[in-house]
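Working notes for the structure below.
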Amino acid sequence: HNYEDVAHKDIREGDWVFLKRAGDVIPAIVAPIPSRRTGREKKIVPPKTCPVCRSPVIRILEKTDRFCVSSDCPAQGVDRLIHFVSRNALDIDHLSTKRIQLLHDKGLLKRLSDLFTLTQKALESLDGFGEKSSQNILESIQAAKQRPLHRLIFGLGIPGVGEETSKLLANHFGSLEKIQTASGENLDEIEGIGSEIANSIRSYFDHAQNQREIQRLWDVGVRPQAPQRSHNTH
């Protein structure tokens, strides 16, 4: 159930409800039973801030999910890292989900920029990381500092920004700095990016934690390659 469904059915915290089996398995709430209400029931309200890190929460039109905009949110830590190193993002070899989880659990990987401060000594101190595999990981991380701009944009995990939108942004602006300072109107003007996605992009870059993280990426030497055509001519 999503918030829209809950609001439409007027389901409240503390309600007695009718259930049915949906898809032969999942219990779905059909409706509340208003006659059983005591007055202590509470309306279910979508959060405006993340319950874990208290950063702003946004919703993108036509999506039922709410998204926390912070790149530093502890609840998203491992998943953000997995996305960041994935083939269509920074494409860092030899870093499996299991290895990222281990590095995260050991405190070596908490945020995206931590990838670029990993050392041979730190890696070799962990189970399953030999000298050769540690070298391979570090070489792949070094190469990832200069991936095409659209891959870095995609890797940041901005809500609603997939591969195609990342390419539109890279081709239109030509640098991450220009995207960071672009107004919502500038973003909305790009064909293929509507106002909802423009707002999501602005929310992401306006968040102080994300600004600090992008600065950290710059400080550790991340220099994405600008596309060949850095500006649209019309």
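Restricting LEU109, LEU138, LEU103 to those that are at negative phi, in a helix (DSSP H, G or I), touching a helix residue (DSSP H, G or I) at 6+ places or on another chain (Cβ under 7 Å) and of a type outside the set (Phe, Trp, Tyr) reduces the list to LEU138. Among the residues of segment 112-133, those identified as outside any loop (DSSP other than H, G, I, E, B) and among the small types (Gly, Ala, Ser) are SER113, ALA122, SER133.
Residues in segment 146-165 that are crowded, with 16+ Cβ neighbours inside 10 Å and assigned to a helix (DSSP H, G or I): LEU149, HIS150, ARG151, LEU152, ILE153, PHE154, GLY155, THR165. Scanning segment 49-65 for residues being open to solvent by 70 Å² or more (accessible area, probe 1.4 Å) and modelled with pLDDT under 90 gives a total of 5.
Contact annotation: residue pairs with Cβ atoms under 9 Å, 6 or more positions apart or on different chains, pairing a residue in segment 171-195 that is closer than 17 Å to LEU61 by Cβ and in a helix (DSSP H, G or I) with a partner that is open to solvent by less than 40 Å² (accessible area, probe 1.4 Å) and among the charged types (D, E, K, R), are GLY184/ARG202; LEU187/ARG202. Checking each residue in segment 77-106 for being within 10 Å of the chain's Cα centre (by Cα) and touching a residue at least 60 places away in the same chain (Cβ under 8 Å) picks out ARG80, HIS83, PHE84.
On the given criteria, is ALA143 open to solvent by 40 Å² or more (accessible area, probe 1.4 Å), out of contact with any Gly (no Cβ under 6 Å at 6 or more places or on another chain) and hydrophobic (A, V, I, L, M, F, W, C)? So ALA143 fits the description; yes. The residue of segment 15-36 that is nearest to CYS73 (Cα to Cα), among those that are open to solvent by less than 60 Å² (accessible area, probe 1.4 Å) and part of a loop (DSSP other than H, G, I, E, B), is ASP15. What single numbered condition from (1) closer than 26 Å to SER140 by Cβ; (2) open to solvent by 10 Å² or more (accessible area, probe 1.4 Å); (3) free of Cβ contacts under 8 Å to residues at least 40 places away in the same chain; (4) among the aliphatic types (A, V, I, L, M) fails to hold for LEU168? Unmet condition: (1).
Within segment 1-15, residues that are within 21 Å of LEU61 (Cβ to Cβ) sit with their Cβ atoms under 9 Å from residues that are among the charged types (D, E, K, R) and modelled with pLDDT under 90, at 6+ positions apart or across chains, in these pairs: ASN2/ASP65; TYR3/ARG59; TYR3/ARG66.
The values are calculated or read from the model by the stated rules, or taken from the named source; none is laboratory data. Remember, it's a predicted structure, so these values are computed and weren't measured experimentally. Glycine also receives a Cβ, built like all others from the backbone with ideal geometry; neighbour counts cover every protein chain displayed. The area values use the complete protein model at the heavy-atom level, side chains included, leaving out ligands, DNA and RNA. Shrake-Rupley method; radii C 1.70, N 1.55, O 1.52, S 1.80 Å.
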